[in-house]
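J.: I have a structure I would like to understand better, so I am pasting it below and will then ask my questions one at a time.
Throughout, read-outs are computed from the coordinates displayed, never taken from laboratory work. Just so it is clear, the structure is predicted and the values come from calculations on it, not from any experiment. Here the Cβ is made from the backbone with ideal geometry for all residues, glycine too, and neighbour counts use every protein chain on show.
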Amino acid sequence: MAKSLPRVSLPLLKAEDVIPHLGKPTHWKQGRSAKAIADSWFRANGLPPAVRNVIDQSPELQGAELIDAWLERATDLQDGRATASQTDLLAVLGVNDELVVLGVEGKVTESFGPLVSEWLADGSEGKARRLQSLCEVLDLNPDIVGNLRYQLFHRTVAAILEAKRYRSAKAVMLVHSFCPDATGLSDYVAFFNAVGIYNLRRDQLSEPITLGHIRFWTGWASDDCPED
């Protein structure tokens, strides 16, 4: 049985307060996504303009208000494994009288982690069960996803599970990219093509589909890396 995640939180008063919660303290430096995300969202104290530009492309999400956001948000993937998915930023948005959950994955030049085939290479039964569980939410066959990036599976499912936890019917998984060359875009497109979302480009929000009874969008927001 996975240990319950804490539900009582304190607010971060400045961007660097997130450092103790990072996977490694070395992730906090100029040119890394952890710092870029924290700096960008703290300075906006709302949706950063590049993110707003993408979210507003949907009539259903247009004019969304940032209600709350958490950096390095851990989500129990509900498969019995102790390791949670740690989303760079999880936001709850208000659109008229509805809540929408937005999971944000920050990227500069980092990849979306190992391929599924690489992640499964040690033959772990626990990993195989996790992949099966993730694929059930995404309506994918786990036997044919070995060439896709594992991180995109659990980040997407985390956004869907958090939407359910907040009793929301809508979720978005958005890449907030600070790389002018859009590192990882081809992996992102390949993953969501497999899920059934097509015609994806930079600075564009997808058409919605239904995943796990949740109305779901994905998008890619290009931005400049904040300067110190």
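J.: Place a +1 charge on the Cβ of each Lys and Arg in the range 33-200 and a -1 charge on the Cβ of each Asp and Glu, then give the dipole magnitude about the Cα centre in debye, rounded to the nearest 20.
T.: Values: 15 positive and 22 negative charges, 33 e Å.
The calculation lands at about 160 debye.
J.: Count the lysine pairs in the chain whose Cα atoms sit under 17 Å apart, keeping only pairs 8 or more residues apart in sequence or on different chains.
T.: 6
J.: With Cβ to Cβ distances under 10 Å as the rule, what net charge do the other residues near VAL95 carry (K, R +1; D, E -1)? It would help to have the intermediate numbers written out before the result.
T.: Details: positive: LYS170; negative: GLU60, GLU65, ASP97, GLU98.
Within the 10 Å Cβ shell, the charges total -3.
J.: Let me ask something else about it. May I ask you to work out the translational diffusion coefficient for the range 163-228 at 20 °C, viscosity 1.002 mPa s, via Stokes-Einstein with Rh from the Kirkwood sum over Cα pairs, reported in whole µm²/s? Could the numbers behind the result be given before it?
T.: Values: Rh = 12.9 Å.
In µm²/s, the coefficient is 166.
J.: A further question on this structure: Pairs of Cα atoms under 8 Å, at least six residues apart: use those to get the relative contact order of the chain, whole percent.
T.: It comes to 21 percent, rounded to a whole number.
J.: Return the loop-located trypsin sites (Lys or Arg not before Pro) in the range 93-190 (DSSP other than H, G, I, E, B) with at most 16 other Cβ atoms within 10 Å of their own Cβ; answer none if there are none.
T.: Loop-located and lightly packed - ARG167.
J.: Quick one: net charge of ARG201's neighbours, Cβ under 15 Å, K/R +1, D/E -1?
T.: Its environment carries a net charge of -3.
J.: Okay, next question. So what is the calculated 222 nm ellipticity per residue for the chain, using -39500 (n - 2.57) for each DSSP H run with n of 4 or more, over all residues, to the nearest 500 deg cm²/dmol?
T.: -8500 deg cm²/dmol
J.: Then there's this: Expected output is a single nm value to one decimal: the length gained when fully extending between THR109 and LEU5, i.e. 0.36 nm times separation in residues minus the C-alpha distance. What is it?
T.: The THR109-LEU5 span can extend by a further 34.4 nm.
J.: A further question follows. Report, to one decimal in Å, the Kirkwood hydrodynamic radius for the range 71-134 based on all distinct Cα pairs.
T.: On the way: mean 1/r = 0.0710 Å⁻¹.
For the range 71-134, inverting the mean 1/r across all distinct Cα pairs yields 14.1 Å.
J.: Which residues does the label zone of GLN204 cover in the range 121-149, counting backbone N under 19 Å from a point 7 Å along Cα→Cβ?
T.: No residue qualifies, since no backbone N sits under 19 Å from the label point.
J.: With N residues in the chain, what two-decimal value do you get for its Cα radius of gyration over 2.2 N^0.38 Å?
T.: 0.95
J.: Taking the chain as a Gaussian network, where each spring joins two C-alpha atoms under 10 Å apart, which residue of PRO180, PRO49, PRO59 fluctuates the most?
T.: Highest fluctuation of the listed residues: PRO59.
J.: Positive end of the charge dipole of the chain (Lys, Arg +1 and Asp, Glu -1 on Cβ, about the Cα centre): tell me which of VAL51, VAL104, TRP119 has its Cα farthest that way.
T.: TRP119
J.: In the chain, with Lys and Arg counted as +1 and Asp and Glu as -1 at Cβ, which of these residues, LEU89, PRO20, SER206, has the Cα nearest the positive end of the dipole, that is, farthest along it?
T.: PRO20
J.: Is the shape of the range 72-192 rounded, prolate or oblate, going by the alpha carbon gyration tensor and its root eigenvalues a ≥ b ≥ c, with a/c under 1.5 for rounded and a/b larger than b/c for prolate?
T.: Taking the square roots of the gyration eigenvalues as a ≥ b ≥ c, the range 72-192 is oblate.
J.: Report the charge-dipole magnitude of the range 99-194 in Debye, nearest 20, computed about the Cα centre from +1 at each Lys and Arg Cβ and -1 at each Asp and Glu Cβ.
T.: It works out to roughly 480 debye.
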